[in-house]
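Data first, discussion second: the structure below is written as structure tokens.
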Amino acid sequence: QASHESTRRGALIVVEGLDRAGKSSQCERLGDYLTEQGHSVKYIRFPARTTPIGKLIDGYLRGSTNQEDHAIHLLFSANRWEVARSIEEDIANGITLIVDRYSYSGAVYSAAKANPGLSLEWAWQPEIGLPRPDICLFLSISAEEAAKRGGFGAERYENETMQTRVRELFRTLFERQEDAYIIDAGNSIEYVAQDIQAAVSSCFQRLGATGSLRT
Ligand code: DGP
Ligand code: NA
Ligand code: NA
């Protein structure tokens, strides 16, 4: 059994969601669950704030610097490209990656801006060719539930107008996408965790060849 397990490729699991949807704790739970099931698991998140590009993004998100909308968009994408090769290597080596935010956040947060209003289509282009997730989970909470979960943090984008647009755009994107699941994250932590586990287990049963993101 051990030798069989060691030759199986890992899965690329992406967890997306609104700010305060409980992404981080659900990623942690999923990691524990998959580890118990015998998988080698690694957790990574975007933006990866410690790389040179990541530091620019971090300053932008905290509001200490400003960036032109197209320019910051391409930096977020470049930040994923910086890590693309190591994602492919890990998966080939049998490591399952749980990725906290990915190209979907990339397209959606930029397209949600009022000015200049980058289109979802334009915003998706620099993502084409990145490693394609085997499954994407979108943790959705209603505006009402978001309001109940306490005040937004100080970072850029954490306001109600922006979050409402982000929610709508995520739905648009996920409805077109194969292997994409919208999870109602307004339920209890336990219930949401079970929903995620069910979706991920079914994904492992039909794990095919790796691929790249397309239009
Ligand atoms: P987080 O560390 O998960 O709270 O994400 C930080 C914020 O950055 C969050 O509001 C979502 C946003 N974000 C994440 N990835 C991207 C991206 O690729 N492009 C843009 N414009 N925003 C992003
Ligand atoms: Na956030
Ligand atoms: Na990102």
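Okay, here's what the table says:
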{"quantity": "Arg101 vs. criteria of a type outside the set (A, V, I, L, M, F, W, C), modelled with pLDDT of 95 or more and away from ligand 2 (no atom under 16 Å from the Cβ)", "calculated": "no"}
{"quantity": "Any hit, the range 80-94, residues being closer than 25 Å to Ile196 by Cβ, touching a Cys at 6+ places or on another chain (Cβ under 8 Å) and not small (Gly, Ala, Ser)", "calculated": "no"}
{"quantity": "Residue count, the range 170-194 (criterion: farther than 14 Å from Asp19 by Cα, surrounded by 18 or more Cβ atoms within 10 Å (Cβ to Cβ) and more than 14 Å from the chain's Cα centre (by Cα))", "calculated": "2"}
{"quantity": "Of all residues making up the range 107-130, the number that are open to solvent by 10 Å² or more (accessible area, probe 1.4 Å) and either closer than 15 Å to Ile13 by Cα or in a helix (DSSP H, G or I) (or both)", "calculated": "8"}
{"quantity": "Residue in the range 46-64 that is most open to solvent (accessible area, probe 1.4 Å), counting only those that are assigned to a helix (DSSP H, G or I) and among the aliphatic types (A, V, I, L, M)", "calculated": "Leu56"}
{"quantity": "Residue pairs meeting the criteria (Cβ under 7 Å; at least 6 apart or on separate chains; first open to solvent by less than 10 Å² (accessible area, probe 1.4 Å), in the range 133-147; second among the polar types (S, T, N, Q) and at pLDDT 90 or above)", "calculated": "Leu139/Gln26"}
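The values are calculated or read from the model by the stated rules, or taken from the named source; none is laboratory data. A quick note: this is a predicted structure, and the numbers were derived from the prediction, not measured. Cβ sites come from the backbone with ideal geometry, for glycine too, and all protein chains shown count toward neighbours. Areas reflect the complete protein model, heavy atoms only, side chains present, ligands, DNA and RNA absent. Shrake-Rupley method; radii C 1.70, N 1.55, O 1.52, S 1.80 Å.
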